[in-house]
1. Ranked by Cβ crowding within 10 angstrom, fewest neighbours first, how are 81, 210, 110 ordered?
2. Report relative contact order for the stretch 6-135 in percent, whole number only (criteria: Cα-Cα under 8 Å, sequence separation at least 6).
3. Of all the Cα-Cα pairs you can form in the chain, what percent are over 27 Å apart?
4. Going highest first, how would you order 8-20, 186-198 by mean Cβ packing within 10 Å?
5. Based on the alpha carbons, how large is the Rg to Rh ratio for the stretch 12-103 when Rh follows Kirkwood?
6. On a full-extension model of 0.36 nm per residue, what is the gain between residue 122 and residue 239, subtracting their alpha-carbon distance, rounded to one decimal in nm?
7. Quick check on the chain: helices-only [θ] at 222 nm, where DSSP H runs of length 4 and up contribute -39,500 (n - 2.57) each and the sum goes over total residues. Nearest 500, please.
8. Quick one: which of 267-275, 115-123 comes out on top by average Cβ neighbours within 10 Å, and what's the full order, highest first?
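What follows draws every value from the coordinates through simple rules; no lab data is involved. Quick caveat, the model's predicted, so the values are computed rather than measured. Cβ sites come from the backbone with ideal geometry, for glycine too, and all protein chains shown count toward neighbours.
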């Protein structure tokens, strides 16, 4: 954990929300409330005066909104970490995704108006505090087991698991895949339903491949990147009356905090694709993906994970590496070229040269 207590500045024009966040932050002895502000303009001054480690940032505020404040912080190269506090509306989700692209580290959904005070505090405690801890926990492990040897083989399916820091990582990584990338790509990104549909739209605008949300019963095709729908689990299964693979959707059950599940997606890919699976674990907190990567390795597939230096949080990729399940640990900017090398050996040199 970050040395000393994590000092947090709360920026929100709602007195109710500021009060809720005060209660939640006070419940963790590793966190200190550094101050509060009701708009982005006064918050910029507070950042300079108080030197917080973290800003909890509302989106809609008078004088200067959260997106404008975040832009100012990043233009000034201020090192403070930022978690956006977002409403679960289409507009709130769209602005939050833009904030993540502009340098916000993570986001948390605000409680809805239907929540009572106790429920709102419980929801924020469950969603916010682990994110704060993850952002201030060192991602550099000293106990990473040696990488296992690469197993050459024809890759027929790429599956990706990602969480905290995922939207920005995906917007960097996926546009580097060429238009003739020959195998399907399926992604489990921990996000609510509304966010994943908007993320698919954003990615589709910048990628050479078609990006869309996966639909139940849809046949999986090369030339596509499929994003699992938020709050649903996604599996790959063989089509009943025709050749090929299709998607199967599973509703979450109480206690499923990783939605969609990377483990479930990866295990299903290993089952139906065997040694043809390439599993990719990008930035994210927690350990979702370890069991799925174990299944991929057991089936003869390959696993690559993002390195700690380029990960927002080296939880998920670090857990896979520490379990000895990673064939390669790579920085984000080289991962697309590595996938091209695995899937299109004759094109690898051109892609590496273009990305150099």
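1. Going from sparsest to densest Cβ surroundings: 210, 81, 110.
2. Values: 207 pairs, mean separation 29.7, N = 130.
Result for the stretch 6-135 is 23 percent.
3. Within the chain, distances greater than 27 Å cover 46 percent of Cα pairs.
4. On the way: 8-20: 19.7, 186-198: 22.1.
Highest mean packing first, the order is 186-198, 8-20.
5. For the stretch 12-103, the value is 0.94.
6. 37.9 nm
7. -11500 deg cm²/dmol
8. In descending order of packing, they fall as 267-275, 115-123.
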